[in-house]
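See structure below.
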Amino acid sequence: MKKLANKFGKSRAKIRYLIFGTFLLFLSMFINSCSSDSIIEEPNSSINEEDDAANLNSRISDYDFNIFSVINSNVERRNFNTISRWYSEGTSTQIFKLYTGDHFNGDRSDHARTEAGQGLKWTKTGTTHSFEATYNVTTDSQEKLTIAQIFAGCCGPQLMIHIRKDGKIDYGSRGNGSQVIDNGNWKGRNFKIKLTMKNDIMTFYFNGVKKFEGRADERNNSAAQYHFRWGVYSNNDVRSDGKMDKNVQVKVTGLSRS
């Protein structure tokens, strides 16, 4: 009887060991599957201090802008802490994020976005206004993502720069059509974007090379006020419910806007 009890006890111990081992295996598989599409959520976790310090001539805090986020379309600097899940900044680095399932909590809810904009505005004049920055986009999203714009407050985007699901860069402009300007895969790689506008003429430079010049669609509207937007905007190409299909992180450094 004693031997039988011992065998029974050992059998129960083996069963508990197998159950616990199976639990650990599934837990490990779950963690790995989650991390494969995750972006670190700590507000400044993706800001490299060395890179940040290398661009001290371009201090983000010197520029006046608001953030259009998934939870609020007009977040002022004093309230940036309320959107730290989606936006963070260092001395000269900005991090814009979207997460799987994100959508805008308002009109046009099927277009999730974390974009900087406003601040500097202008009407059609002889002054040249410019935006320039270095980008790095990290994502497996199948969406076409807008990462920079010249925007007319009355009437919408006049020039949009996109990174496509295959990593190619293209532009779209009302009245000027659209075109892929580079066939490389630029996801996870640094690249430079420069936009300028003088009177109604807009230009787009990619890595220092002019890729587009054209007139704004609102060229006959003397009251139109323009501004630059940058960050990430989903064009809602994938999910039928309008929500983000994958996590996205856009790092912007060396910002220059005038």
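The values are calculated or read from the model by the stated rules, or taken from the named source; none is laboratory data. Computed from a prediction, not measured in an experiment: that's the story for all the values here. Glycine also receives a Cβ, built like all others from the backbone with ideal geometry; neighbour counts cover every protein chain displayed. Protein only, heavy atoms only, side chains kept; ligands, DNA and RNA dropped before computing areas. Shrake-Rupley method; radii C 1.70, N 1.55, O 1.52, S 1.80 Å.
Considering only residues that are out of contact with any Phe, Trp or Tyr (no Cβ under 9 Å at 6 or more places or on another chain) and open to solvent by 60 Å² or more (accessible area, probe 1.4 Å), which ones fall in the stretch 202-225? Residues satisfying the conditions are 208, 209, 215, 217, 219, 220, 222, 223.
In the stretch 124-136, is there at least one residue being under 21 Å from residue 225 (Cα atoms), hydrophobic (A, V, I, L, M, F, W, C) and assigned to a strand (DSSP E or B)? Yes, the stretch 124-136 contains at least one residue that is under 21 Å from residue 225 (Cα atoms), hydrophobic (A, V, I, L, M, F, W, C) and assigned to a strand (DSSP E or B).
So, in the stretch 174-199, how many residues would count as being open to solvent by 10 Å² or more (accessible area, probe 1.4 Å), closer than 19 Å to residue 121 by Cα and part of a strand (DSSP E or B)?
Adding up the residues that qualify gives 3.
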